Each structure stands twice: as structure tokens, then as C-alpha cells.
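Engineer: Below is one structure. I have some questions about it.
The values are calculated or read from the model by the stated rules, or taken from the named source; none is laboratory data. Worth saying up front: this structure is predicted, and the values here are computed from it rather than measured. Positions of Cβ are generated from backbone atoms using ideal geometry, with glycine treated the same way; all protein chains shown enter the neighbour counts.
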Amino acid sequence: ASIQINLKRPAYVNSKLIVNAEVVRNQRRKLEVAGSLSLPDGTLVAEGKAVQIIPGGDQLKAVIWDMDGVIADTAPFHFQAWQEVFRKRKIPYSREVFQRNFGKRNDVIVRSIVGEGYPESEIEAILVAKEGLFREKAAGNLRSFPGALELIDELKEYKVRVALATSSPIENGQFVLRQLGIEDGFDVTVWGREVTEGKPSPQIFLLAAERLNINPKNCVVIEDAVAGVTAAKRAGMRCLAVTNSHPGEKLGGADLVADSLEDVSVADIAGIFNSPEKE
């Protein structure tokens, strides 16, 4: 259990104290109790809270986070950047195409849109221009999704390792982390260009587990995209999907689906191991 106590005033040895306590949160496998100690005349001596998590055994060792659409609400700025860079080249680009490709590596996205035979030099120019536009539009405007940063902190509190595995290039990833003030928030990071295959290949998650030195079966991936969920399952990991980018029915391959990380605790993630694994 995690216990926090704030002393308000001293009390003499053998003083009679009145205990008041109540359960303020009882969410699946997490119990939070708030309480106070008072003198008979009502004077507050101390107050505090206790949090007890009953995890699913010792199976949960690490949580591997996707970034875009899970931690950071980057989608509006990515869409604007893609739209502008393709419009300048008179290449059709729609929100539907954006949604279908969100979470994939940028080079894979561009090649799927421009088709075979497009000059490599021009593909590289598109990639560079798009990322510059993204950072320009997102600077000072980025926000984290509700509950994401708090859950990262809670995982650390309970000694669960945390990794970031994102399809974004390192320049974008580090930019986003700095904007959110969490540049030192992860035990390990894996960037899109560090693997040869993008999601739904499991490469990026397996590399994260390797760097953590943790068995993939003891990892939970947090994702928002269908390709990411598929990659997590192919890696032999459990998966929590959050409906920030896609409706829940499209994320049915995940072991647990949540509408917001505000509703998710470490106990909920650990509890995934108590349910049969989804293939």
C-alpha cells in the first residue's frame, strides 16, 4: 500500500484521538481510503490517504506506450501538415486517408499515397517538409490526453517500468516530450527509424522489451490505432486500447478498451493478466 500522512499539529503521548476514515475510491482492483485523526474537541491532528493495489500476481513488469494519439493529442497538427505538404504538390489527401494511416511510419504513409516510381529524393523532401510543418504548428499548442501523464506517474510509483515506442522520428518525438515536460519520463525510448518495419509489425515493441530486458509476455502496450494493437498482439504482449483516434469496435483485438486513461489505474492494467489473452 502507498500511504501519505500530513501532520497538522503535535499531540501528547497517550492523547485520546478520534479516527475518521472513508473509502473515496473503489475501482476494480484499486482501493483508496482517506482519513483523519482529531482530538476530542475536534482539533485536527493529522490527515492522509492510503492506496492499496491488488495486482494480477507479479506478471505486469512493464508498460510500453505509443505516443501520438495516446499520450499527446498530435493528430490535428499532423493532419494540417500532411494536407499542406500534399496540396503544394497537387496530390489529393483526405481526412479518411489520414485516419487510415495514423500511427504508421511516415515513409510508409508517403509511399502508399504517391505510389511506385515516385523519386526517392522527392519522398525525402516531403518527409522533411511535413515534419517541419508539424513542429511549427504544434509548438506551444500541444496538450496531453486526460489521465496519460498521471498514469505514467502512477506506474512509476508502483515500480512498473515504462517505455515509449513510437513510429515518429526522433526529432518529432523529442519535440513532443519537451512540449509536455516529460523528456525524462521513460526508462527507454524507441523511435520509428530504429526499426526496419513499421506497425503492424511487432518490431518496435519487441525492441522496447529487449531494451527493458523484460520478457514480452510481461509487457502491456497502450495503443490507439488498429495497426498498433495488431503489432502488440504479434509481439506476444497484452494490449490496452484507448478510443482517442478510433471507435472501440475497431479496437476489439485489444485485451482491454477504455474511452479515457482517466478511467484506468495500475490495478486495471495488472488485471488484464487475469483474463484470457485475446489473439
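Engineer: Would you mind telling me which numbered condition in (1) under 21 Å from Ser168 (Cβ atoms); (2) of a type in the set (S, T, N, Q); (3) in contact (Cβ under 8 Å) with a residue 24 or more places away in the chain Asn218 fails?
Structural biologist: Of everything listed in (1) under 21 Å from Ser168 (Cβ atoms); (2) of a type in the set (S, T, N, Q); (3) in contact (Cβ under 8 Å) with a residue 24 or more places away in the chain, Asn218 misses just condition (1).
This table checks each residue for (1) assigned by TED's automatic domain parsing to the domain that holds Pro247; (2) of a type outside the set (A, V, I, L, M); (3) under 24 Å from the mean Cα position of the chain (by Cα); (4) not in a loop (DSSP other than H, G, I, E, B).
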position: Gln80; (1), (2), (3), (4): no, yes, yes, yes
position: Glu84; (1), (2), (3), (4): no, yes, no, yes
position: Gln99; (1), (2), (3), (4): no, yes, yes, yes
position: Val110; (1), (2), (3), (4): no, no, no, yes
position: Glu124; (1), (2), (3), (4): no, yes, no, yes
position: Val128; (1), (2), (3), (4): no, no, no, yes
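Engineer: From the list Ala21, Ala46, pick out the single residue that is surrounded by 12 or more Cβ atoms within 10 Å (Cβ to Cβ), modelled with pLDDT of 85 or more and part of a strand (DSSP E or B).
Structural biologist: Checking each option against the conditions leaves just Ala46.
Engineer: Given the options Asn106, Asn101, name the one that is of a type outside the set (Val, Ile, Thr), surrounded by 12 or more Cβ atoms within 10 Å (Cβ to Cβ) and without any contact (Cβ under 8 Å) to a residue 24 or more places away in the chain.
Structural biologist: Going through Asn106, Asn101 in turn, just one is of a type outside the set (Val, Ile, Thr), surrounded by 12 or more Cβ atoms within 10 Å (Cβ to Cβ) and without any contact (Cβ under 8 Å) to a residue 24 or more places away in the chain: Asn101.
Engineer: I would also like to ask the following. I'd like the full set of residues that are under 21 Å from Val85 (Cβ atoms), surrounded by 17 or more Cβ atoms within 10 Å (Cβ to Cβ) and among the hydrophobic types (A, V, I, L, M, F, W, C), limited to segment 128-147.
Structural biologist: Across segment 128-147, the qualifying residues are Leu133, Phe134, Ala138, Leu142.
Engineer: While we're on this one: Would you point out which residue out of Gly192, Gly198, Gly147, Gly173 is in contact (Cβ under 8 Å) with a residue 60 or more places away in the chain and at positive phi?
Structural biologist: Gly147
Engineer: Further question on the same structure: Please enumerate the residues belonging to segment 217-231 that are buried (at least 24 other Cβ atoms within 10 Å of the Cβ), over 14 Å from Met67 (Cα atoms) and over 12 Å from the mean Cα position of the chain (by Cα).
Structural biologist: Answer for segment 217-231, where residues must be buried (at least 24 other Cβ atoms within 10 Å of the Cβ), over 14 Å from Met67 (Cα atoms) and over 12 Å from the mean Cα position of the chain (by Cα): Cys219, Ala231.
Engineer: Another question, then. Across segment 179-206, which residue is surrounded by the most Cβ atoms within 10 Å (Cβ to Cβ) among those that are among the β-branched types (Val, Ile, Thr) and under 14 Å from the mean Cα position of the chain (by Cα)?
Structural biologist: Of everything passing the filter in segment 179-206, Val190 is surrounded by the most Cβ atoms within 10 Å (Cβ to Cβ).
Engineer: Report, by residue number, each residue of segment 148-168 that is closer than 15 Å to Met67 by Cβ and surrounded by fewer than 19 Cβ atoms within 10 Å (Cβ to Cβ).
Structural biologist: If the condition is that a residue be closer than 15 Å to Met67 by Cβ and surrounded by fewer than 19 Cβ atoms within 10 Å (Cβ to Cβ), then Leu149 is the only one that fits.
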